[in-house]
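These notes concern the structure reproduced below.
The values are calculated or read from the model by the stated rules, or taken from the named source; none is laboratory data. Note that the coordinates shown come from a computational prediction; the quantities given were computed from them, not determined experimentally. Using ideal geometry, Cβ is built from the backbone for each residue, glycine included, and neighbour counts are taken over all protein chains shown.
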Amino acid sequence: MNYFPILILVAMLAVFWFIAIRPARARQAKQRDLINQLRPGQEVMTTAGVFGTIKDIDGDTVQLEIAPGVVIKIVKLAIAETKPEGLAEAHVADLQAGIDTDAQSAESDSTEPR
């Protein structure tokens, strides 16, 4: 009896396991650990790229302050990662610097003769 086709199939399944399923399970475990370690006061980034500070945790939802006095309610699973203190403010400052630079270049372009 020829076992070669069966061995090829088993090898293909093993390769699929190590390439697809095993890394996905590791990512799921990492996300589960992140969700379980959330605490009020932490700065986080959501899966949509919104930065905020956790104000309250209630079951599967989180009250997230995204601007002074602006609090939104999201599900815990929408939190992609936690950020070190001050990183969100630094990112916003960088974006504002880029916006100011663009605005200045637009003003200088409009004053040039055509």
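Can you pull out the residues in region 40-53 that are loosely packed, with under 10 Cβ neighbours inside 10 Å and either farther than 12 Å from Ile79 by Cβ or not assigned by TED's automatic domain parsing to the domain that holds Ala67 (or both)?
Selection gives Gly41 alone.
Among the listed residues Gln31, Gln63, which satisfies the condition of being modelled with pLDDT under 95 and within 23 Å of the chain's Cα centre (by Cα)?
Exactly one of Gln31, Gln63 is modelled with pLDDT under 95 and within 23 Å of the chain's Cα centre (by Cα), namely Gln31.
Could we say that Gly41 is under 13 Å from the mean Cα position of the chain (by Cα), in a loop (DSSP other than H, G, I, E, B) and modelled with pLDDT of 90 or more here?
Spelling it out, it is not the case that Gly41 is under 13 Å from the mean Cα position of the chain (by Cα), in a loop (DSSP other than H, G, I, E, B) and modelled with pLDDT of 90 or more.
Considering region 15-45 alone, what residues qualify as being within 22 Å of Lys55 (Cβ to Cβ) and β-branched (Val, Ile, Thr)?
Within region 15-45, Ile35, Val44 qualify.
Give the residue that is nearest to Lys83 (Cα to Cα), with candidates limited to residues of region 46-70 that are in contact with a Lys or Arg (Cβ under 6 Å, 6 or more places away or on another chain) and in a strand (DSSP E or B).
The residue in question is Glu65.
When both residues are 6+ apart or on different chains and their Cβ atoms are under 6 Å apart, which pairs have a first residue that lies in region 54-65 and is over 14 Å from Ala78 (Cβ atoms), and a second that is part of a strand (DSSP E or B) and among the polar types (S, T, N, Q)?
Lys55/Gln63; Asp56/Gln63; Glu65/Thr53
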